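Worksheet: one structure, shown below.
The values are calculated or read from the model by the stated rules, or taken from the named source; none is laboratory data. It should be emphasised that the depicted structure is a prediction, and the values quoted were computed from it without experimental measurement. As a convention, Cβ positions derive from the backbone with ideal geometry for all residues, glycine included, and neighbour counts pool all protein chains shown. Ligands, DNA and RNA are excluded from the accessible area calculation, which covers all protein heavy atoms including side chains. Shrake-Rupley method; radii C 1.70, N 1.55, O 1.52, S 1.80 Å.
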Amino acid sequence: MPNHGDTSDTTYSPEWMACVDRLRAGDLAARDQIIELCGGRLRVLARRLLARFPNVRRWDDTDDVFQNVAMRLHRTLGTVPIDEPREVMKLAATELHRELLDLARRYAGPLSFAANHATNLPGSGILERPLVPPALGDAPAHDESLDRWTAFHAAVTDLPDDLRDVFSMVWYLGADQKVVAQVMKCSERTVRTRWHEARHAVRVALDGVPPA
């Protein structure tokens with residue numbers, strides 16, 4: 001599984017704690033500073049995870065994904081109570097997962113957006129238009145790996161809450177199991193067990209065939 005870098009830095013810094021205290025007190029403006037504090041990490045994660053979608057990069061780049069995840073997280077921080085800075089990690093993992101699932105659904109399958117549009121057609125002067133015969137356009141061929149990634153993210157969504165939370169923080173954010181245990185307020189042994197069970201459930205859902 002991927003390692004997306006250290007996810008524990010500045011977790012209990014005075015700046016983080018001040019933001020959480022402000023948010024808990026009802027100051028929704030604190031969300032902007034929270035996004036700024038974790039923005040660099042989210043951007044790196046968006047770039048690395050986006051690399052897993054060979055045809056999606058044609059339509060969305062790292063900035064697109066980052067902005068969408070940031071907006072999702074901004075909305076969520078306004079509705080979900082936050083008691084500790086580490087809980088932002090859990091929310092960020094959830095929103096990153098949801099964004100990638102939406103991308104996978106949007107660009108996978110013969111009826112998807114990507115499969116039915118061509119770009120930069122000679123002489124058209126139009127960025128996007130309905131699919132034309134292959135000889136006249138350059139619409140991407142259907143990529144079965146996108147279907148597999150769609151199934152993968154959907155399988156994560158279908159996990160029980162405790163397994164999904166662990167899987168999301170480890171796989172999407174690259175958090176180590178010690179940090180996950182602190183966020184989940186459980187033992188590292190429990191995290192290891194849930195991580196094993198979550199991986200097994202996803203593997204079964206994919207019939208043992210992981211995405212490319």
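Can you tell me which residue among VAL170, VAL204 is aliphatic (A, V, I, L, M), within 23 Å of LEU50 (Cβ to Cβ) and open to solvent by 10 Å² or more (accessible area, probe 1.4 Å)?
Unique residue meeting the criteria: VAL170.
For the condition modelled with pLDDT of 80 or more, out of contact with any strand residue (DSSP E or B) (no Cβ under 8 Å at 6 or more places or on another chain) and open to solvent by 20 Å² or more (accessible area, probe 1.4 Å), what is the one hit in ASP143, ASP63?
The unique qualifying residue is ASP63.
If you go through the stretch 20-49 one residue at a time, how many are under 22 Å from TYR172 (Cβ atoms) and either in a loop (DSSP other than H, G, I, E, B) or in contact (Cβ under 8 Å) with a residue 12 or more places away in the chain (or both)?
16
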